[in-house]
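The structure appears right after this line, and notes come after that.
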Amino acid sequence: MNPKTRQILLVAIMVVVTLLALKQYLPMIQLPTAKRVQEKRNELKSLQGDLKVAKKTYQMQLEEIQAMQGLAEPFWTPLNAAAKVDQEISSEFNRITRMAQLTTAAGSQKVDIGREKNGSCLQEVTLSVDFKNVSMKDLTRFFTQMRANPNGKKFRWEYCKVSPDNPRTPNAVNMSARFKILVLNSDAMNFLGLRNAPALPTNAPTSRKK
């Protein structure tokens, strides 16, 4: 085979390979024609509309969840799955009294957990306290802390009695008080999207004294 014939044969093979390659990959190549550009614009415009609708829907759902969670503000939401609810409430109450410079060393404290009612998302916890020989200034700080503290507002006053330590020659006062705290159970917290809480105990009421 002379060189000229060989050259023509190579050119023919290259043409065939080129045609096969174009047939394979040409459909994948989309030239930016005016029609294709307009189609892409319409597609992006549609996606932007879908995104706006999705954002609006998400915002509405978020507002609904926040409104539902706002309903839980008056109730106690357990924080620590490892701690008992009565201990958690007692600890927070002691923290408030320390901030008021009125320590429970001045008296006694008792926490009772009631049974969870069937069909109820709440459990009642009762806290009873007795303070002996404290000043009215101390009690005023305590009342102020209870009103100002977000958790203090969850202690609902059931009973309060303030009396002089000595009817004839009073130097200080005694106070007996009872609070009721309504605790959300784990099902209610999950429904409201709050922190996953432990299931509250449903056994017989227990007491703890200090």
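The values are calculated or read from the model by the stated rules, or taken from the named source; none is laboratory data. Note that the structure is a prediction, hence the values are computed from the model and not measured. Note: ideal-geometry Cβ built from the backbone for every residue, glycine included; neighbour counts use all protein chains shown.
Taking the criterion of being assigned to a loop (DSSP other than H, G, I, E, B) and surrounded by 12 or more Cβ atoms within 10 Å (Cβ to Cβ), the residues of segment 123-160 that qualify are Ser135, Asn149, Asn151, Phe155.
Quick check on this structure: which one of Ser108, Ser207, Ser163, Ser120 is of a type in the set (S, T, N, Q), surrounded by fewer than 16 Cβ atoms within 10 Å (Cβ to Cβ) and at pLDDT 90 or above?
Going through Ser108, Ser207, Ser163, Ser120 in turn, the sole match is Ser163.
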